[in-house]
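First the structure, in the form of structure tokens, and then the observations on it.
The values are calculated or read from the model by the stated rules, or taken from the named source; none is laboratory data. Just so we're clear, the structure is a prediction, and the values are computed from it rather than from any experiment. Every residue, glycine among them, receives a Cβ derived from its backbone with ideal geometry; neighbour counts consider all protein chains shown.
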């Protein structure tokens, strides 16, 4: 397929697996040509704006029933409380509000009460049956007492739990990470992480679509799956979104090794590898999908990913660290702006829900959330 045809089919949102022959792209299309096509497709759908979300990071609990071979966010029970208190959550949210943040990102371990008595006893003591019930309560506090908009990443969820969370979340997220079965086999990074089974994660993402929740997902690249499996993962995301239309953003995130983890000796993917995969993601997902590469952990100069077709940097905090990647500080907004402008684009802040998902009042968010967002937009 020639480059003009690839561009035209992507614009028409009709790229199929047979159109993207990995060996053809690898052998015939140079990386520069692939990036040129991806950049043109992004420009067609997104213009010259690159966005970011001013956020605070709220690590509600770092206890987790899963053990992944690359994670340092997860902690074993210790002397600290298993959960942040309501006062701690609200205090952090109010501090972020004063600094101009709009997103309250709730990240937490998966159902720790199923593994740790200390978590279960803490929840019972304060009147909660599960971590998700407590998360809903903390979402509500932030929603009602600050101008911040919650975005929750609590792991896999049932339909009932999604319904509980939707009223107080502007959007939600769950990384697909990978569709490779090899990752949860013996000695794989997901061997002891049942919630990382692709079928379980696909189920949650699909249920979120049925419940009309604006959703973020994506891939974690470099944890043991193949390039072909990663491309298949992008197609799976496209397939789900083609059915439900709720995936507002796709993150293509590279793995970085961390000390004291199973994959500490595994090298991260190379810059050319990531640029090629990001470009292919843009070609597959088309001109209107929001595609993000996190700038604080990207391989190589993060500005290069603009040329590969991204249109978003994700959440960047002036207050809190990236608790999932504490070794990688966020770029200063001044530098993020300078880099974005160097590549010929304008940096703009956004809300945790993209504007196109607010076009139908109350569809992808609750009516109360819709009212709050619209009032916020009118004020500022």
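Has the stretch 86-97 got at least one residue that is out of contact with any strand residue (DSSP E or B) (no Cβ under 8 Å at 6 or more places or on another chain) and not in a helix (DSSP H, G or I)?
Going residue by residue through the stretch 86-97, those that are out of contact with any strand residue (DSSP E or B) (no Cβ under 8 Å at 6 or more places or on another chain) are 86-88, 90-91, 94, 97.
From what's left, not in a helix (DSSP H, G or I): none.
No, because not a single residue in the stretch 86-97 is out of contact with any strand residue (DSSP E or B) (no Cβ under 8 Å at 6 or more places or on another chain) and not in a helix (DSSP H, G or I).
Sort out which residues of the stretch 193-203 are in a helix (DSSP H, G or I) and closer than 15 Å to residue 233 by Cα, and write them in order of number.
196, 198, 199, 200, 201, 202, 203
On the basis of being assigned to a loop (DSSP other than H, G, I, E, B), modelled with pLDDT of 95 or more, buried (at least 18 other Cβ atoms within 10 Å of the Cβ) and in contact with a strand residue (DSSP E or B) (Cβ under 7 Å, 6 or more places away or on another chain), does residue 64 make the cut? Quick ask: steps written out before the conclusion?
On the way: assigned to a loop (DSSP other than H, G, I, E, B): yes; modelled with pLDDT of 95 or more: yes; buried (at least 18 other Cβ atoms within 10 Å of the Cβ): yes; in contact with a strand residue (DSSP E or B) (Cβ under 7 Å, 6 or more places away or on another chain): no.
The answer is no for residue 64.
In the stretch 182-192, which residues are under 20 Å from residue 232 (Cβ atoms) and either surrounded by 19 or more Cβ atoms within 10 Å (Cβ to Cβ) or without any contact (Cβ under 8 Å) to a residue 40 or more places away in the chain (or both)?
183, 184, 185, 188, 189, 190 - these are the residues of the stretch 182-192 that are under 20 Å from residue 232 (Cβ atoms) and either surrounded by 19 or more Cβ atoms within 10 Å (Cβ to Cβ) or without any contact (Cβ under 8 Å) to a residue 40 or more places away in the chain (or both).
Taking the options 41, 50, 56, name whichever one is more than 20 Å from residue 108 (Cα to Cα) and outside any helix (DSSP H, G or I). So that I can check it myself, show each step before the final result.
Numbers: 41 fails: outside any helix (DSSP H, G or I); 56 fails: more than 20 Å from residue 108 (Cα to Cα).
Going through 41, 50, 56 in turn, the sole match is 50.
Can you tell me which residues in the stretch 18-35 are in contact with a helix residue (DSSP H, G or I) (Cβ under 8 Å, 6 or more places away or on another chain) and at pLDDT 85 or above?
Scanning the stretch 18-35 gives 31, 33, 34, 35.
Tell me, which strands (runs of 3 or more DSSP E) wholly within the stretch 272-380 include 3 or more residues that are surrounded by 14 or more Cβ atoms within 10 Å (Cβ to Cβ) and either in contact with a helix residue (DSSP H, G or I) (Cβ under 6 Å, 6 or more places away or on another chain) or touching a residue at least 24 places away in the same chain (Cβ under 8 Å) (or both)? So that I can check it myself, show each step before the final result.
Details: elements: 290-292, 312-316, 346-349.
By residue number, 290-292, 312-316.
Can you tell me which residue among 249, 228, 191 is over 15 Å from the mean Cα position of the chain (by Cα) and at pLDDT 95 or above?
The conditions single out 191.
Quick check on the stretch 209-218. Is at least one of its residues touching a residue at least 60 places away in the same chain (Cβ under 8 Å), in contact with a helix residue (DSSP H, G or I) (Cβ under 8 Å, 6 or more places away or on another chain) and not in a loop (DSSP other than H, G, I, E, B)?
Within the stretch 209-218, one or more residues are touching a residue at least 60 places away in the same chain (Cβ under 8 Å), in contact with a helix residue (DSSP H, G or I) (Cβ under 8 Å, 6 or more places away or on another chain) and not in a loop (DSSP other than H, G, I, E, B).
Does the stretch 167-181 contain any residue that is part of a helix (DSSP H, G or I), crowded, with 20+ Cβ neighbours inside 10 Å and touching a strand residue (DSSP E or B) at 6+ places or on another chain (Cβ under 9 Å)?
Yes, there is a match, as at least one residue in the stretch 167-181 is part of a helix (DSSP H, G or I), crowded, with 20+ Cβ neighbours inside 10 Å and touching a strand residue (DSSP E or B) at 6+ places or on another chain (Cβ under 9 Å).
Being crowded, with 18+ Cβ neighbours inside 10 Å, touching a residue at least 24 places away in the same chain (Cβ under 8 Å), in contact with a helix residue (DSSP H, G or I) (Cβ under 7 Å, 6 or more places away or on another chain) and closer than 28 Å to residue 371 by Cα is the requirement here; does residue 86 meet it?
Spelling it out, it is not the case that residue 86 is crowded, with 18+ Cβ neighbours inside 10 Å, touching a residue at least 24 places away in the same chain (Cβ under 8 Å), in contact with a helix residue (DSSP H, G or I) (Cβ under 7 Å, 6 or more places away or on another chain) and closer than 28 Å to residue 371 by Cα.
Of these, 6, 15, which one is part of a loop (DSSP other than H, G, I, E, B), over 30 Å from residue 265 (Cα atoms) and touching a helix residue (DSSP H, G or I) at 6+ places or on another chain (Cβ under 9 Å)?
15 is the lone residue from the list that is part of a loop (DSSP other than H, G, I, E, B), over 30 Å from residue 265 (Cα atoms) and touching a helix residue (DSSP H, G or I) at 6+ places or on another chain (Cβ under 9 Å).
Pick out the one residue from 125, 163, 121 that is loosely packed, with under 14 Cβ neighbours inside 10 Å, at pLDDT 95 or above and within 23 Å of residue 374 (Cβ to Cβ).
After applying the criteria, what remains is 163.
Counting only residues that are touching a residue at least 60 places away in the same chain (Cβ under 8 Å) and in a loop (DSSP other than H, G, I, E, B), which one in the stretch 236-258 is surrounded by the fewest Cβ atoms within 10 Å (Cβ to Cβ)?
257
For residue 80, work out the one condition from (1) surrounded by fewer than 20 Cβ atoms within 10 Å (Cβ to Cβ); (2) farther than 27 Å from residue 314 by Cβ; (3) at pLDDT 95 or above it doesn't fulfil.
Failing condition for residue 80: (3).
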